[in-house]
Amino acid sequence: MQPSIFAGVDGGGTKSTLLLADAAGNELARVSGAAGLVDPRHPERSAEVIAQLVRMASAQAGLSAPPAALCAGLAGVGNEAERVAVEQALAGVAGVARVVSDGEIALHGAFDGGPGVLLIAGTGSVAYGRGPDGRTERCGGWGMYVGDEGSGYALGRAALAAALRSVDGREADTRLLPVLLELLKMEGPREIPPWAGRAAKGDVAALARHVLDVAAAGDAVALRLVEQQAAELASHVMALAHRLGPWPGDVPVVFHGGVLRSGLYATLVDRNLAQNAHRYQIQPARADAVHGALAYARALAGTAAAA
């Protein structure tokens, strides 16, 4: 008889990672695949990505039966209908399956269930916090059209706009223009608007690391827009610290996501936080998001067994 196996999934905007472990927490397999980002028009596609990862991991671990429980933390789970649609499409993939936001599993992993604020800035942006009294809140995460400030998408979009303003003479000359044209293999700036209109969110977000490189090299225009987006990110943390207080000491903060791996960007966000009334302690995550999902899966199996 196969022992109880649990699966945790971290489904982000660019890739998904699945971890299989036994009841003692021993890792049996870890696999990565396509983005788990939920498309509101076709939420079942996220379930297909997860099912494929389960098959890959099960084969790697030599398992003959599905996991007892699976928790998938997915980017873009914007409303209950989408969450339920993905859960229903996961029927049969595991004994019991639960879909939550990627932020929920990352928050749990980052602070091992304790208090703190998790700031996420990857393709999109959002912050999650748990107060000293156990209350949980979220800030931001309103999507690319009306939110995602400080994200990779926001940096990429701002850089494209600044490059075009420099063509008009409404912005100072900037290295962003030639860098972006070379990256996108374009002959001139008039090709930027139609590309931007067709580009997926992830394609625009992929420009962010190059924008940060140009800023780090001293380009004044790039540095200014990076500073602006860093201030937007810091405001997420400040808002949650205020809403979840009072705090007995410094507010623990974990940075998560691709653009916050930039030393320049992380420093600028930290500098903005230092100007706030609250005191913050930036610290590494205690565990990654996929381990947070795994903890949810184990708890889910226990709840199902007790029912």
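The values are calculated or read from the model by the stated rules, or taken from the named source; none is laboratory data. These numbers were taken from a predicted model, which means no experiment stands behind them. Here the Cβ positions follow ideal geometry from the backbone for every residue, glycine too, while neighbour counts run over all protein chains shown.
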Answer from Ala200, Ala277, Ala215, Ala205 - the residue that is modelled with pLDDT of 95 or more, under 30 Å from Arg138 (Cα atoms) and either assigned by TED's automatic domain parsing to the domain that holds Gly131 or in contact with a Leu (Cβ under 9 Å, 6 or more places away or on another chain) (or both)
Ala215
Wholly inside segment 14-106, strands (runs of 3 or more DSSP E) that include 3 or more residues that are at pLDDT below 90 are none
Please work out if Arg224 is modelled with pLDDT under 95, more than 20 Å from the chain's Cα centre (by Cα) and in the same structural domain as Arg165 (by TED's automatic domain parsing).
no
Condition check: surrounded by 15 or more Cβ atoms within 10 Å (Cβ to Cβ), in contact with a Phe, Trp or Tyr (Cβ under 8 Å, 6 or more places away or on another chain), farther than 24 Å from Leu37 by Cα and in the same structural domain as His236 (by TED's automatic domain parsing). Does Leu164 satisfy that?
no
Looking only at segment 8-26, count how many residues are closer than 28 Å to Val259 by Cβ, in contact with a Leu (Cβ under 9 Å, 6 or more places away or on another chain) and not hydroxyl-bearing (Ser, Thr, Tyr).
8
With farther than 30 Å from Asp250 by Cα and either hydroxyl-bearing (Ser, Thr, Tyr) or in contact (Cβ under 8 Å) with a residue 60 or more places away in the chain (or both) as the only criterion, which of Cys139, Cys71 stands out?
Cys71
Would you say Gly103 is without any contact (Cβ under 8 Å) to a residue 40 or more places away in the chain, among the small types (Gly, Ala, Ser) and touching a strand residue (DSSP E or B) at 6+ places or on another chain (Cβ under 7 Å)?
yes
Just the residues that are more than 21 Å from Val204 (Cβ to Cβ) and in contact with a strand residue (DSSP E or B) (Cβ under 7 Å, 6 or more places away or on another chain), please, taken from segment 128-151.
Tyr128, Gly129, Arg130, Thr136, Glu137, Arg138, Cys139
Those residues that are in a strand (DSSP E or B) and buried (at least 24 other Cβ atoms within 10 Å of the Cβ), I need them from segment 107-142; list them, please.
Gly116, Val117, Leu118, Leu119, Ile120, Ala121, Ser125, Val126, Ala127, Tyr128, Gly129, Gly140
